[in-house]
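Let me begin by presenting the structure, written as structure tokens, before commenting on it.
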Amino acid sequence: MTDRIVAIVAAQTEDALAARARLQQLYGDGRPENASVIVALGGDGFMLQTLHRYMGRGLPIYGMNYGTVGFLMNEYGEDDLLARIDRAQETILHPLRMLAQTESGVTQEALAINEVSLLRQTRQAAKIRIDIDGKVRIPELVCDGALVATPAGSTAYNLSAHGPILPLDAGLLALTPISAFRPRRWRGALLPRQARVRFEILDRFKRSVSAVADATEVRDVTEVEVFEEPEIDMHLLFDPEHNLEERILNEQFTP
């Protein structure tokens, strides 16, 4: 990169903010609106916030871990930051778009980088019909919920719900039930990334359901459609020795 302007943003923790101040002394204090690259200091949650905040601008984002897991982050280091950014490998991600219709008839939209999840709102299990590309695949899923995960999000909530880990270049989405009761043996499905998934909430007045796209929740939904948004690119930068593909591969062999 030439004539690069680096903007350094940080999670609102004492350690991350102190690291931001040190890096700004070394590499300048560019403003995000004028930057050619953004350096994000925090954990995976802060990286998701940063991706959402700058989504659609096409800015590459280089994360350094000042959180807990840091799956989407590089190791923190203050030396040779600009050289590390120059050597970094780019991964392009596309978010999911959620169209959630509520009992009032309003349709709310949101974007998700990790997953869109449907969750029961009451003590009773949800009943959900699942339609994929216009064909009903599950007439009635009795469950705590269900989710559609991107490859980048497949190691997050999807993994906790016993869904599959997806390599970034697999061209797939994961459809995963959450504590399914009926059909008892259904463990989910792998879908092509072009698939459109529609969830219809059955018995919705007695068994209400909310829909969550990353951190955006819509309550009392009646129908939810989920699909990948190919027109939106998100550019993540990873050190060659710690790229996201390698992390996803490693996760599958971690006891």
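The values are calculated or read from the model by the stated rules, or taken from the named source; none is laboratory data. Computed from a prediction, not measured in an experiment: that's the story for all the values here. Here the Cβ is made from the backbone with ideal geometry for all residues, glycine too, and neighbour counts use every protein chain on show.
Out of all the residues in region 213-255, which are at pLDDT 90 or above, closer than 30 Å to residue 76 by Cβ and buried (at least 19 other Cβ atoms within 10 Å of the Cβ)?
213, 214, 234, 236, 237, 238
Name the pairs: first residue in region 26-44 and among the charged types (D, E, K, R), second residue surrounded by fewer than 16 Cβ atoms within 10 Å (Cβ to Cβ), Cβ to Cβ under 7 Å, at least 6 apart or on different chains?
The qualifying pairs are 44/69.
Any residue in region 169-195 that's within 15 Å of residue 159 (Cβ to Cβ) and at pLDDT 95 or above: show its pairings with residues that are of a type in the set (S, T, N, Q) and assigned to a loop (DSSP other than H, G, I, E, B) at Cβ separation under 6 Å, as long as the two are six or more apart or on different chains.
174/154
Mind checking which pairs have a first residue in region 220-239 that is assigned by TED's automatic domain parsing to the domain that holds residue 47 and a second that is buried (at least 20 other Cβ atoms within 10 Å of the Cβ) and among the polar types (S, T, N, Q), Cβ under 7 Å, 6 or more apart or different chains?
Sorted first by the residue in region 220-239, then by its partner, the pairs are 238/74; 239/74.
Sort out which residues of region 199-242 are among the β-branched types (Val, Ile, Thr) and over 27 Å from residue 64 (Cα atoms), and write them in order of number.
201, 209, 218, 221, 222, 224, 226
Which of the following residues is at pLDDT 90 or above, outside the structural domain of residue 113 (by TED's automatic domain parsing) and over 24 Å from residue 214 (Cβ atoms): 24, 12?
24
With the condition kept exactly as written, say whether any residue in region 86-97 is of a type in the set (Lys, Arg), in contact with a Phe, Trp or Tyr (Cβ under 7 Å, 6 or more places away or on another chain) and within 30 Å of residue 223 (Cα to Cα).
yes
Considering each of 228, 251 in turn, give the residue that is among the acidic types (Asp, Glu) and touching a strand residue (DSSP E or B) at 6+ places or on another chain (Cβ under 7 Å).
Step by step, each of 228, 251 is checked, and only 228 is among the acidic types (Asp, Glu) and touching a strand residue (DSSP E or B) at 6+ places or on another chain (Cβ under 7 Å).
Go through 106, 142 for me and flag whichever is farther than 30 Å from residue 249 by Cα and either touching a Gly at 6+ places or on another chain (Cβ under 9 Å) or free of Cβ contacts under 8 Å to residues at least 24 places away in the same chain (or both).
Testing whether each residue is farther than 30 Å from residue 249 by Cα and either touching a Gly at 6+ places or on another chain (Cβ under 9 Å) or free of Cβ contacts under 8 Å to residues at least 24 places away in the same chain (or both) leaves just 106.
Residue 75 - would you say it is touching a residue at least 40 places away in the same chain (Cβ under 8 Å), more than 30 Å from residue 194 (Cα to Cα) and touching a His at 6+ places or on another chain (Cβ under 7 Å)?
It is true that residue 75 is touching a residue at least 40 places away in the same chain (Cβ under 8 Å), more than 30 Å from residue 194 (Cα to Cα) and touching a His at 6+ places or on another chain (Cβ under 7 Å).
Of everything in region 160-182, what is closer than 18 Å to residue 209 by Cβ and outside any strand (DSSP E or B)? Give them in sequence order.
Passing the criteria: 161, 179, 180, 181.
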